[in-house]
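Following: one structure in structure tokens, then a few remarks.
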Amino acid sequence: MIEHPQWIPQEWQERLNVRDGDDKGRLWRIFPTGTKLRPIPRLDKLTSDELVAALDSPSGWQRDMAQQLLIERLEPLDWSKVVKTRCAKLLAELIQSSSRPEVRVQAMYTLHGIGSGMSGHVPSMLHDPHPGVRMHAIRLAEPVIRIPALDSNQQPPTYSEICDLVDDPHPWVQLQLAATLGELPGEGPARALQQILMTTDDPYIRAMGLSSVDEHNLPLIVFGLLNMPSTEIIEQGHPLIEPLLICAVTYAAAGAP
């Protein structure tokens, strides 16, 4: 019995042992007979190196807690540089070696959280076989892509590497790319955003793409739309025309060039 008897109808209480299970906790591990359970580690007792190893687990709770403890320990600026450097190396190895995509992602975010050498790993993650990893790699590229690398081994991804994902067929990747392209200046990101807007039939991806339209990329996107080789837009219109015109009027009213 997990529920308090107060919330059980009286006639049911008369047929049940309402105190059954009062010697057990509220969190139960349910498993098949004969299964050997994984031990639950005391994460607060582990060293930083052991916490990195604990990240490589199928248990989401264990990964989250190991990540939290690592960042709490290693993020402060006065923490031992030797320990932080060693953990960063172990996290980088985990990104490359783990067979679990969720582990690769959390190892990358942990590197980002402790402020240690994350940018150099983003380019390889952009080509990860799992779409969830590619999606997070795009997101993690935003804070580092415009920062010059001090270490030649830690080169961030280029604009073209991000824009090349415009042909990635997975909607997770398309959705994140539609958001990130709005953060990147220049003609390349604007044309990639234009391609997403003009080719997607997913309303959520289109809405995300429109949220990335600003006074800088709007002219290129409109020009590309109006100069499509097909006569379909002239004859039938396009769902982008109205929201883009609204954007143009809004920016003009605000005094944008």
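The values are calculated or read from the model by the stated rules, or taken from the named source; none is laboratory data. Model, not experiment: these values are computed from the prediction. Positions of Cβ are backbone-derived with ideal geometry, glycine not excepted, and every protein chain shown enters the neighbour counts.
Worth pointing out:
- Verdict on Gln96 being touching a helix residue (DSSP H, G or I) at 6+ places or on another chain (Cβ under 9 Å), surrounded by 14 or more Cβ atoms within 10 Å (Cβ to Cβ) and in a helix (DSSP H, G or I): no
- Residue match in segment 71-84 (condition: closer than 21 Å to Arg139 by Cα, under 18 Å from the mean Cα position of the chain (by Cα) and modelled with pLDDT of 95 or more): no
- Selected residue (criterion: nearest to Ile241 (Cα to Cα)) from residues of segment 186-216 that are in a loop (DSSP other than H, G, I, E, B) and touching a helix residue (DSSP H, G or I) at 6+ places or on another chain (Cβ under 9 Å): Val213
- Reported count of residues in segment 22-43, each being in contact (Cβ under 8 Å) with a residue 24 or more places away in the chain and of a type in the set (Lys, Arg), is 1.
- Selection of first residues in segment 125-146 that are closer than 17 Å to Leu94 by Cβ and of second residues that are part of a helix (DSSP H, G or I) and among the polar types (S, T, N, Q), restricted to Cβ pairs under 8 Å at least 6 apart or on distinct chains, gives the following pairs, ordered by first then second residue: His136/Gln176.
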